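Here's the structure, in structure tokens; my notes come after.
Nothing in this text is a laboratory measurement; each read-out follows from the coordinates by a stated rule. These figures come from a predicted structure and were not determined experimentally. Ideal geometry is used to build each Cβ from the backbone, glycine not excepted, and the neighbour counts take in all protein chains shown.
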Amino acid sequence: MAIGTTLLTIGYGGKKPADFFSEIEEMAPDYIVDVREYPHRAYLGCYTRAHFIKRFDNQYVWIKDLGNRTRTLPPQLVNEEAGMIQLEKLCEGTNRIVLLCAEKDEERCHRSYVKERIVEILKSHD
């Protein structure tokens, strides 16, 4: 990658909150990028945008434009171009970013698509 950013992903589905938060903290991200379209409500309140802001402060970034409107694959992102521009800017000078969504399985989640696309964009700058 042009700027050496490590991109990881995580989903909280089916995980106990304590296990999820331990896992995300072990990843030691510079930023946790929430790619859910609507992070304001969650089955468990600890997975809401408000809770992530309280827990992670400036490490937490919500990019609504990278939310999946259909919840299926292939995804229909809210605004892929705008979202990728925002994510690309976050990658500048950043060592590690974790893409966050609800789906526990990365391969069944649109965050795998987001990761793939941003890697392509960053590599095109080489």
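Need one number: convex hull volume per residue for the chain, Cα atoms only, in Å³.
With only Cα atoms used, the chain gives 95 Å³ per residue.
Pairs over the 21 Å Cα-Cα cut-off, from the set Lys16/Lys54; Lys89/Lys115; Lys64/Lys104; Lys89/Lys123; Lys16/Lys89; Lys54/Lys104: Lys16/Lys89; Lys54/Lys104.
Using the number of other C-beta atoms within 10 angstrom as an exposure proxy, rank Val61, Val119 with the fewest first.
Values: Val61 18, Val119 14.
Fewest-to-most Cβ neighbours within 10 Å comes out as Val119, Val61.
Would you calculate, for the chain, the mean residue ellipticity at 222 nm contributed by helices, counting each DSSP H stretch of 4 or more residues as -39,500 (n - 2.57) and dividing by all residues, to the nearest 500?
Details: 4 runs with 44 residues, N = 126.
Per the formula, -10500 deg cm²/dmol.
Note on the chain: dipole from Cβ charges, positive end direction compared against Pro75, Pro39, Asn95; the farthest Cα belongs to Pro39.
A simple rule links phi to the HN-Hα coupling: the Karplus curve 6.51 cos²θ - 1.76 cosθ + 1.60 with θ = phi - 60°, which for region 43-60 gives 3, 10, x, 6, 9, 8, 4, 4, 5, 5, 4, 5, 7, 10, 6, 6, 6, 8 Hz, with x for Gly and Pro. Paramagnetic label reach from Ala42 (point 7 Å along Cα→Cβ; backbone nitrogen cut-off under 13 Å): within region 97-126, residues 99-104.
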